[in-house]
Amino acid sequence: MITGGQSYVSAPPAFSADGRLLLVCSGRSVSVFSTATAMLVSELEAHEGDVTAVVVVPPPAQAAAAAKLASYCWTAGLDGALIYWDFVAAEVVRKVQVGLPVHSMVVPNICRSSKGAEVPTPFAFVSVEDRSKPVNDEKLLRGQIRIYDLTKGRQVGCPLAETRKPEKIVASSSGEFLGITNRRKLHIWSIPTKDFKPEKIRKIKLRHTKNLTTLAFHPSERTVAAGDATGRILIWRCFGNAKFSESSARSKVDDGRDGVRGNDDADTCTTWHWHSSRVRFLNFSSDGAYLFSGGLEGVIVVWQLDTGKRRFKPRLGSPLLFFVDSPDSSISCVSCTNNQVYLLKMPNMEVMRSIAGIKLPIASSTMGGSDRAVYGFDYTNRLVAIPTEDYCVQFYNLFENTEVSELQVCERNFQPVDDITMHISLVSLSIDGKLMCTVDIKLPEEELGGLVTLKFWNHGSSAGHYLLSTIIYEPHSDAGVSAVAFRPGRNMAVSSSFGGNFKVWVQRLSSQSSDKTYYSGWRCQSVGSYKNKPMTSAAFSADGSVLAVAAESVITLWDPDNNALVGVIAETLSPITNLSFIGTSGFLMSLCQSSRPQLAVWNVSNLSMQWSYSIYAEAACCSPDGSDFAVLALLNCPDGGTSTEQDGAILLFDAESPNPVASWSVKKARGGSVSFVKGDLSLDADASSRDSEAMFLVYVNCSHEYVIFDPRKSEELGVSKNTHKKIQAEEPAPIGYASIYGELPKVESKKEVTDVPFIPSDRPWETIFSGSSHVLPPLTKLCSAFLSSLLEKRPVANE
Amino acid sequence: MAADTSKPFFPAAPHSALLPSRSAASRSTPEGSYWRAFRSSELVSGAEFPITDLTFAPAAASGAKPTLAAAWSTSVHLFSGDPLKSLRRISVAGDLAFSPSFRCDGALLAAGDKKGVVRVFRSDKASAGALRTLRAHAAETRVVRYPVAGGDKLHLLTAGDDALLAYWDVPSETPVFTVPAAHRDYIRGGAASPADPNIFATGSYDRSVKLWDARTGNTGPSLSFLHGELVESVLFLPSGGLLATAGGNVVKIWDVIGGGRLLHSVESHVKTVMALTLGKMAGTGEMRLLSAGIDGYVKSFDFGKLKIMHSLRHPQPLLSVACSPCGSVLVAGSAKGKIYMGKRKKKAVDEEEGRKAVSGEIDWVSPEPEKPVLRPNYFRYFLRGQNEKAKEGDFVIEKPKKVKCAEHDKLLRKFRHKDALVSALVKNNPRSAVAVMEELVARRKLVMCLGNLDMEELGLLVEFLCRNATLPRYARFLLGVANKVVEMREEDIRSDEKLRVHIRNLKRMVAEEIQIQHTLQGIQGMISPMLALAAR
């Protein structure tokens, strides 16, 4: 069993100390990526719940020399565990149990003086969710901030604060200040970093009139910035002068405390406004001159802190979530909601690399009534094609769990703030993956200017690369396209429309040279209709000889070459939405998804129904050979519609019998899909010898997480995916100063020079001051040597 | 922070592949502008005799000596100075003179005549009569050449229509050797090698070119190859390793070191090429092979790139061409007795200075004009380095390419939707206007724009709809827009006379279109039963 498609943007990522690795929370594991190549290096898997925080910490002091190579981090998860990792070796070092789901964690570097020396002792400040209180009461304080001593693994002191929901904790870079946003207030704690005791923590509050969403501390000054839900950015300077400074004798002179509310402990408060909706992140640059902010617009705004001037990094393509700077601030990364993490080269903010996860489904449900999720599966190359929000089709390799390519389908600039006026409604791939067809719809404005476009794509140089072959505007005048099917083994496709007809498209051979065949564009060969009923689905049989088109609730069978009606199969209860031939067997499977759902299997040879169920099926797929088909059924009626994450079940049938062969229960089934893909023979060698036609079943749920398994084996395969990952070999590269200016020449220590005067000599006082003055060691050193040379050495008595 | 180039930018425009590509405007090459800078004038005109030969004195010649000699009728015409002034004619024994040739120091001038007698004059005192008279030829001597290289002042090569080749010791008036029947036909082309004083090339009407070595001359040609046409002129290129021959309308370039291998053949003239010469470009010091033909063209050929760089047209057929050693004067002699002189205007000063500065240098090297040191009081100081070209190994950082936007695109980017629509309508390009409307639909702004148009703009829109609404390509969209306009702006339209006219037109167009559709449907109704019958 292989799982994949995790979200990379559920929590802020973290850079390693040298900036070469990026630790990204992905589901229950932490994926370590190389920033140079954006390839996966290793994965840290020990959490049982989703990982919510990862903090890279300096190595412990006792292992000073060896720890230079190793890198350590703390992670926290919803399973209530804090785990200490050596993330280069991907080993668990220590585990601390919290017991409650941890939503956020910071580990400020706190030193404790023991026996004169300062020993860094990690304390974790975690934001946990108190599960003992009921969920439905909004007023209850379910979030707590607790302190854990990580060396001893136990809680220290009492909870710092209680909030209605677990808040995200932000620490300043020095670890001196911690802060959270709590509705309209900002809570800031001053942490004694030298000699930590929970009692010595002091706290101030800063108030605002809107709900605050995020905050950031200035790296050097006592300045805090916070963003609110309306898009304003507030900057308090010199906060906590009265309370945090050691001499609290600051006279309260109210000489123009601009913008500070009430008697809040700050000097000034400035407000900036550019964002039109809630600010998602704020981050100061490491030198403290700039402030980065971002939100729904997909634009990073760079504020010059002193003047308030703005620069922009526009067109990142999706609402932004997190922004993290590397320690040497040459790279930063920004997480977008469409599951992409962009690595930005820092001074000019150029996108260097992107860590691309599977893109998320289009969020809005106002898409002209068709809220069916569409997926195209490439059976041969084991890819899934997902239409994305920014008018692209993303090809995602299911076995490798990596993005293969992205294809711009509609030539339009995507802005995350715009409402959807155009979307890709259909992606269909031929079974060998050589041909692709997309349908995109421009939604009309008050019935003006709607447009349906059918595009045929030819296979490019490698899997997942397609070249545009033909654009057909309004293929069925202004009616929408309900289904596109490719004829196996031929360059023929059929598109059926709700407007009452279907068209058979062919691609003509234009020229055939010695090594390559060239195809011209696609042309309509024939048009068919049946009693002017809307055509809702179409399918070719496995050998391509029969074309089945569903005319609302009637299945019509056609000869695709002559465009002649061959037969009609009796009616179903309601319009058919999905139709397909079951492999090479003579059966046809149909799905109805309306209020009277039906799953029916038809015998094509005698035009009769074999068997049927009245279950609501979200999706179905048939194996291209054999007589199996799988159905993703929802457990309860879809008309409830309120909860989007419905549980479902995958049922595997053999066409002959109505009894399911196997069944699996799955979560988040609504909006999901199932498909067969060709088995990867390299995955398990014993399977390849047994049956060459190994087939796997893929289940993609509504948030595009997927699982691949072998439907014929009941037990879990347990194929460890790490063994098959392409692990990127790391090459040492210079970082920081060395990356810009090159290695510094090794400074020859002055020792050799200073050694010169100490050459053993019979009369050292003669040579001790010889040499030019700038090579002489300091007089304090010379003096003792000179005096000792003057003293006469007494022979040792023991000899 | 420029816009991220990783994401493509799509302006609201019709698909670029569908637009016709504009042919690139013909650009002038720097080479062309160089040759065009020669101001053409007529040096001599009036007589009807052809100018068969033109030659410039080598650069070493100075003082009052003539710099240009032209064979013209029965005399050799001499010119000197700058601008060229006619000196006097040297009469050559009352018969047609051919092929004047200056000695390498420019002190002596030799010329042949129709009877085959070759005379040698002092070039500064030509009227004093011939110093030496060389008699061996029986027919006209069209080839008289002093050696170019090595400072050889004693010898002379002559060849003529009697196919005799003679190599003279001039002071003693006796031939060192003669080659009778060197060719099987008239010898009309000859050249001395710029690399070796002993090497000569001759070309003849027997279509062959022969290379002679004065040291072994009497034993026969050291190299011989076939040009293929009647050879009118031969010329060594500056290295001495390449030979250009002109015959027919073809100029061929041969590698004589490689044993007479044909390197390149230029067929740029329409008629016979009569003369070849080397021209030096004053600016860069590059050499060009200039060829003049009966068709009146002087063509400049870059033998480095093997490419014709420029053609200069003259009104009369040309027989001879010459270019001054520093490349500032180009003369061409016509068959009708005219000498056309082309001259670069401002370079005249340079030439004069150059002559003064470097007189003892090798031929064909013009002095480098000394670059003035740029100071901030000079305007060029602020422009320095702007025309610098990147060298081979330089790392070029390109200026980020600017995305070109149409005006409506710029307005759309500023969210000035109505202005964008109006600007597209004014442009009177239905494709872009429809593209803008579709973009507005995608932004959900079209209806608002239609409502906001003032009367004049509404007139524009309705006029546009009149013209384009029934075009099949846009009909589905634009008829919807027309409906919407009529529905929303009914009162405005009623109140304005102009708009009413437009609407009447629109109505008529729509009625016509409906009529057409009815007819088409009728035809379809007639045809479809026939098709159904035919299918059975």
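The numbers here are math on the coordinates, done by the rules we state, and not lab data. The structure displayed is predicted, hence computed values, not measured ones. In this analysis, Cβ positions are derived from the backbone assuming ideal geometry, glycine residues included, and neighbour counts consider all displayed protein chains.
Some points to look at:
- Residue exposure sequence - A:CYS25, A:CYS392, A:CYS592 - by fewest surrounding Cβ within 10 Å: A:CYS392, A:CYS592, A:CYS25
- Shown here for the range B:225-275: trypsin sites (Lys or Arg not before Pro) in loop regions (DSSP other than H, G, I, E, B) with at most 14 other Cβ atoms within 10 Å, namely B:LYS271.
- Phi to ³J(HN,Hα) by Karplus 6.51 cos²θ - 1.76 cosθ + 1.60 over the range A:378-393, Hz, x for Gly, Pro: 8, 4, 6, 8, 6, 10, 10, 9, 10, x, 10, 5, 8, 6, 10, 10
- Placed amide H near A:SER354: partners under 5 Å, 5+ positions off or other chain: A:LEU343
- Peptide A:439-448 shows a mean partner chain C-beta count of 4 within 10 Å per residue C-beta.
- Here is how the number arises for chain B: DSSP H runs of 4 or more residues each give -39500 (n - 2.57), the sum is divided by the residue count, and the result at 222 nm is -7500 deg cm²/dmol.
- The range B:97-156: trypsin sites (Lys or Arg not before Pro) in DSSP coil with no more than 10 other Cβ atoms inside 10 Å: B:LYS125
- The range A:605-630-the range B:382-431 distance, computed between alpha-carbon centres (Å): 57 Å
- Across peptide A:406-413, the mean count of Cβ atoms from other chains lying within 10 Å of each residue's own Cβ comes to 3.
- Rounded, prolate or oblate (a/c below 1.5 giving rounded, otherwise prolate when a/b exceeds b/c) for the range A:341-456 by Cα gyration tensor: oblate
- Principal-axis tilt of helix B:417-426 within chain B, Cα atoms, nearest 10 degrees: 60 degrees
- Per residue of B:434-447, other chain Cβ atoms within 10 Å of the residue Cβ number 4 on average.
- Three-way shape call for the range A:489-578 based on the alpha-carbon gyration tensor, with the a/c threshold at 1.5: prolate
- Taking the three principal axes of the alpha carbon atoms in the range A:282-369, the coordinate ranges are 50, 26, 16 Å, sorted in descending order.
- Sparse-neighbour loop sites [GluC sites (Glu not before Pro); the range A:121-177; at most 16 other C-beta within 10 Å; DSSP]: A:GLU138
- Placed amide H near B:LEU156: partners under 5 Å, 5+ positions off or other chain: B:TRP168, B:VAL170
- In a simple Cβ point-charge model (Lys, Arg +1; Asp, Glu -1; nothing else charged), chain B has a dipole of about 1260 debye relative to its Cα centre.
- Of the peptides B:416-423, B:375-382, B:495-502, B:200-207, the order by per-residue mean of other Cβ atoms within 10 Å, starting with the highest, comes out as B:200-207, B:416-423, B:495-502, B:375-382.
- For chain B: rounded, prolate or oblate by the Cα gyration tensor [a/c cutoff 1.5]: prolate
- Phi angles of the range B:123-139 translate, via the Karplus equation with coefficients 6.51, -1.76, 1.60 and θ = phi - 60°, into HN-Hα couplings of 6, 8, 10, 5, 6, 6, x, 6, 7, 10, 10, 10, 10, 8, 7, 9, 10 Hz per residue; Gly and Pro are given as x.
- Unsatisfied cross-links (Cα-Cα over 26 Å) in the set A:LYS434/A:LYS678; B:LYS307/B:LYS401; A:LYS309/B:LYS410; A:LYS313/B:LYS404: B:LYS307/B:LYS401
- Under the convention that each Lys and Arg Cβ holds +1 and each Asp and Glu Cβ holds -1, the size of the dipole of the range A:7-97 around its Cα centre is about 240 debye.
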